[in-house]
Every structure is written in structure tokens, then in C-alpha cells.
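> Take a look at the following structure, please.
Read the figures in this text as sums done on the coordinates, not as results from a lab. Note that the structure is predicted; figures quoted are calculated from it, not measured. Backbone-built Cβ (ideal geometry, glycine too); neighbour counts: all protein chains shown.
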Amino acid sequence: MKNIIPSFQKKRSIMTFLFLLLLIIPLYKIFAETMQSNTYRIMSDTVNVGGTDVSGSTNYNLGDTLGEIGTGDSNSANYFLRAGFWQMQESYIALSSPSDLALTPIGGINGEGSEGTMSWTVTTDNFAGYSMSINVTSVPALRSVTDSFDDYTPASSDPDYNFSIASTTSEFGFSPEGVDTSARFKDNGASCNVGTNETQAKCWDGLSVSPKTIFQRTTSNQTSGSTATVRFRAESGANHIQTSGSYSAPIIVTAVTL
């Protein structure tokens, strides 16, 4: 009996240690996944023994961790699991493709304008959200074989609250509308790039070959997505003769995760 009791006590102490370890690990992971401050948020972390964030050369980039188990992709008809530190970093983003926009014809000598909207749906599961920009391949953006509209030019570096052009010119501009409209196109009821209002048909800017950020959010919008609408306006001044014809403007919109 004296030889059996110490052996039994040793087994129990080992089983108790393993039991406590299993309790500690889940609690630690829950704490780690919620670490954040006003300037950062840790989106994912793992318990491992080492690794390198990024190693690289002219031919490759490598990110690795040591000590993880059960990593990789698993899926069925009902789920898709990316297990492990590097697998879980992948984000999803989708951008719909609307039909072309046809503006109503305007008179070439009477000083008229025409407006229309195009809408995209942006969907992402990225916790940090997305950013959407707009640009064109050449300027001016709206042109025909023989003539063109000038790209809208605001009076300052901020968008104009109202679309306003000289009577001797013709111009083409845009205004974003939607819940994710970027701060530059928000207004206070009189000016743009100030306040939190998103007033329809206000805050106008001109297109450029350099992308301009028009929508942005800092959270996931899975699964419903966000509607991003852009209003376009073409206007010819009362003292400007615009050549008749068919005008077109190829528009590029790009959405990326943050």
C-alpha cells in the first residue's frame, strides 16, 4: 500500500495541471482578441513560440509562426474555416457593377443642365472597413469626338456646396451620396468638409486621373453591404455654345479593405 499511494497522488497532480492549462488558454485568447485603444485594435492573435512577421527578398515574401496546431482551410456546404494566425487575416470585399448612366439631352445654347446617379453596393467582412475612390483615365472626363465639358473646379480645395459655373463655360462634376460618404463631402448645411450632414445633391467636385476618396467606413458591413451612390451633373452656361453630339465619360471606381 505504501508504494501505491504516492503513484496515485502523482497522477492526480498531473491531471490537475492539464485541466488548469485548458482553462487558462481560452481565457487568454478571449482577452487577446479584444485588446484595443483609441489608436489601434488587434484583430487576431495566437499563442505560439515564435515566428517572423515578414521575411522577404526580391523573389518572395514570407510570414510565419511556430508552434500553432490545427491550421489551414476547412470547409463544408455550410461553412468555411480559416484556422491559424495567417489564414484568418484574409478579408473579403465585393463591389457590384451598375448599368451605364444616360443623362437627358441638354440645349447647346440655352444654358441647361442634366443630372443622374449611379449606385454601387460595397460588401466587406473586414473589421477595419473599406475605402472607395473614383477617377478617370484622361481629362476632361466628359467628351465627344469634337468637343468636351471642362471638369468641375471648386472655388477652394474643398468641394462646392452648390454646383455653380460661369455662364461662359460648360462643366461636368460629381457628388457622393450615402451612409459611408467620406468626411470631405459631408456638410454643415452651408459648407463642405465640415459637419456631419450628408445632404443630397450638395458638395460637388471634379473628376481627376488621381483617385479621390468618396466613401469610407471603419467597420465590417457583412452581410447587407453599403449602397454608394454618385450623382453626376453636366451643365452648359447661358452664354456658352456647346457643340452638339454624343458625350461620354469612362468612370473608374475602386474599393479596397483598410
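> Working out 0.36 nm times the residue gap between SER91 and LEU66, then minus their Cα-Cα distance, what length gain in nm do you get to one decimal? If you can, show how the numbers build up before the last one.
Details: separation 25, 0.36 × 25 = 9.00 nm, distance 2.28 nm.
Result: 6.7 nm gained on full extension.
> Run through segment 48-105 and list the chymotrypsin sites (Phe, Trp or Tyr not before Pro) located in a DSSP loop whose Cβ has at most 11 other Cβ atoms within 10 Å. Let's see the in-between values first.
Numbers: sites: TYR60, TYR79, PHE80, PHE85, TRP86, TYR92; in loops: TYR60, TYR79, PHE85, TRP86, TYR92.
Passing sites in segment 48-105 are TYR60, TYR79, TYR92.
> Restricting to DSSP loop positions (anything but H, G, I, E, B) with no more than 11 other Cβ atoms inside 10 Å of their own Cβ, which GluC sites (Glu not before Pro) remain in segment 46-141? Show your work: numbers first, answer last.
On the way: sites: GLU68, GLU90, GLU112, GLU115; in loops: GLU68, GLU90, GLU112.
Passing sites in segment 46-141 are GLU90.
> Next question, about the same structure. What FRET efficiency would be calculated for the residue pair GLN200, ALA102, taking the C-beta separation as r and a Förster radius of 22 Å, to the nearest 0.05?
Details: r = 20 Å, r/R0 = 0.93.
The computed FRET efficiency comes out at 0.60.
> According to a simple spin-label model (label point 7 Å from Cα along Cα-to-Cβ), what is the distance in nm between SER74 and ASP147?
It works out to 6.7 nm between the two label points.
> On to the next question. Using the charge dipole of segment 84-258 (Lys, Arg: +1 at Cβ; Asp, Glu: -1 at Cβ; taken about the Cα centre), state which of PRO159, GLY111, ASN193 has its Cα farthest towards the positive end.
Final value for the positive-end residue is ASN193.
> Going from the alpha-carbon gyration tensor of segment 176-228, what semi-axes, largest first and in whole Å, does one get by taking the root of 5 times each eigenvalue? Walk me through the intermediate numbers first.
Working: eigenvalues 78, 45, 17 Å².
Result for segment 176-228: semi-axes of 20, 15, 9 Å.
> Using a 10 Å cut-off around each Cβ, can you sort SER224, SER182, SER244 from fewest to most neighbouring Cβ atoms? List each step's numbers first, then the result.
On the way: SER224 8, SER182 18, SER244 13.
Ordered from fewest to most neighbouring Cβ atoms within 10 Å, SER224, SER182, SER244 come out as SER224, SER244, SER182.
> Between ASN38 and SER167, what is the spin-label point distance in nm, taking each point 7 Å from the Cα along the Cα→C-beta axis?
5.3
> SER244 label point, 7 Å along Cα→Cβ, cut-off 20 Å on backbone N: hits in segment 83-126?
The answer is 103-114.
> OK, next. Give the residues of segment 204-233 whose amide nitrogen is closer than 12 Å to a point set 7 Å from the Cα of ASN135 in the direction of its Cβ.
208-213
> Continuing with the same structure: How high is the FRET efficiency from PHE127 to THR52, r the C-beta distance, R0 30 Å, rounded to 0.05?
Details: r = 24 Å, r/R0 = 0.79.
Between PHE127 and THR52 the formula returns 0.80.
> In debye, nearest 20: dipole of segment 167-210 around its Cα centre with unit charges on the Cβ of K, R (+) and D, E (-)? Walk me through the intermediate numbers first.
Working: 3 positive and 6 negative charges, 20 e Å.
Charge dipole, segment 167-210, about its Cα centre: 100 debye, nearest 20.
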